[in-house]
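Only one structure is covered here, and it is reproduced in the block below.
A short reminder: the numbers here are calculations on the coordinates, not readings from a lab. Here the structure is a predicted model, which is why all the values come from computation and not from measurement. Here the Cβ positions follow ideal geometry from the backbone for every residue, glycine too, while neighbour counts run over all protein chains shown.
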Amino acid sequence: MAVKFQDYYEILGIKRDATPKEIKTAYHKLARKWHPDVHSGKDKETAEEKIKQINEAYEVLSDPEKRGKYDRLGANWQMGEEFQAPPHAGGYEFRTGGGASAGDFSDFFEAMFGGGGGANFGDPFARSGRRARRGPMRGDDIDAELGLTLEDVHRGAEKSLQLNLGDQVKTLTVKIPQGIADGGRIRLKGQGNPGYNGGERGDLYLQVHIAPHPLYKLQGTDLEVEISVRPDQAVLGAQVNVPTLDGQVSMKVPSRARSGQRLRLRGKGLDSKSGPGDLYVRIKIDIPDNVTTEEEQLYQQLASLRS
């Protein structure tokens with residue numbers, strides 16, 4: 001018999017080569033949008049039909065075996081809205097009607113796979129093999145990025161951020177742990193998406209991104225800073241001031257220092273749980289902008305000596 005073709009990829013709004021992660025992400029996004037519990041009246045009826053289609057698509061595309069059978073229709077993809085289901089094709093059986101879950105699935109699904117696999121289309125987060133249920137379900141977790149400065153991470157800080165959680169807009173105060181690494185995550189329990197049927201909220205995970213700093217380069221917990229010294233300081237050695245995250249410190253530049261040479265200040269880097277990193281000071285030999293006539297004459301004398 002001819003049955004109406006169901007394009008599961010189109011239903012989920014994904015490409016035919018979508019990865020399992022992309023399939024799952026699309027499913028959860030649509031399931032939240034069309035969950036019957038957040039609709040009423042005629043909209044609720046529409047949502048119930050939509051969620052049935054969404055769950056059916058996910059039932060097939062999230063299961064490698066079902067997805068493989070579905071994709072093996074081959075040329076039948078191009079046959080439009082209907083195709084003729086043969087009694088046997090591709091090593092699996094087509095059949096219509098019957099099955100313990102008749103009515104939960106479209107005729108197309110029944111024709112391809114027979115029974116429904118026990119999926120619960122009233123619950124957008126049900127999994128294959130589970131009995132239908134309407135009990136409480138935990139909400140989805142949320143992943144977001146949080147931009148921080150080196151100073152925030154070095155000293156620890158509190159940040160306010162505003163989140164649109166669908167059902168409400170919340171302003172949260174987040175405590176930044178001292179020394180958290182770039183790419184680290186902060187978990188805020190119960191600050192994710194709302195649950196269903198009285199289920200608890202999911203969690204909010206903030207991934208830390210440390211912004212570039214105008215002075216320092218970050219390498220793990222070590223920092224690098226560049227300072228300029230005069231030619232005479234490089235040749236003779238000198239005490240110079242070096243900026244650190246905790247303020248200025250004095251450092252000795254050894255005599256005959258070369259441009260590009262790195263000096264280490266132990267324990268003056270970024271604080272972390274395992275202890276502070278080091279600060280590496282890169283030497284840059286620079287000519288002053290204003291050279292007096294006397295200084296120029298002395299440079300000429302030096303040039304004569306070197307030649």
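When only Cα pairs below 8 angstrom with a gap of at least 6 residues are kept, segment 217-285 shows a relative contact order of 40 percent. A P(r) calculated from all alpha carbon pairs of segment 142-210, with 10 Å bins opening at zero, reads 20, 50, 23, 7, 0 percent. Between the alpha-carbon centres of segment 6-59 and segment 216-293 there is a gap of 58 Å.
In plain terms, the chain from Ala144 to Val174 could stretch by 9.5 nm, reckoned as 0.36 nm per residue minus the Cα-Cα distance. Shown here for segment 181-236: GluC sites (Glu not before Pro) in loop regions (DSSP other than H, G, I, E, B) with at most 15 other Cβ atoms within 10 Å, namely Glu200.
A 25 angstrom limit on the alpha carbon distance is what I want to check against. Which of Lys159/Lys189; Lys52/Lys189; Lys33/Lys189 exceed it? Checking Cα-Cα distances, Lys52/Lys189 exceed 25 Å. Quick one: plug the Kirkwood hydrodynamic radius of segment 217-285 (C-alpha pairs) into Stokes-Einstein at 20 °C, 1.002 mPa s, and report D in µm²/s. After rounding, the answer is 175 µm²/s. In this structure, the pairs whose alpha-carbon distance is over 30 Å, taken from Lys175/Lys252; Lys175/Lys284; Lys44/Lys170; Lys66/Lys170, are Lys175/Lys252; Lys175/Lys284; Lys66/Lys170.
Can you tell me which aspartates and glutamates have their Cα less than 16 Å from the Cα of Lys273? Leave out same-chain residues fewer than eight positions away. Excluding near neighbours in sequence, the set is Glu151, Asp152, Asp182, Asp222.
Over 21 Å, how big is the tail of the calculated P(r) for segment 142-267, in percent of all Cα pairs? Value for segment 142-267: 56 percent of Cα pairs lie more than 21 Å apart.
Taking segment 181-216, which trypsin sites (Lys or Arg not before Pro) meet the DSSP loop condition and have no more than 12 other C-beta atoms within 10 Å?
Lys189
Return the loop-located trypsin sites (Lys or Arg not before Pro) in segment 252-307 (DSSP other than H, G, I, E, B) with at most 16 other Cβ atoms within 10 Å of their own Cβ; answer none if there are none. Loop-located and lightly packed - Arg256, Arg258, Arg266, Lys273.
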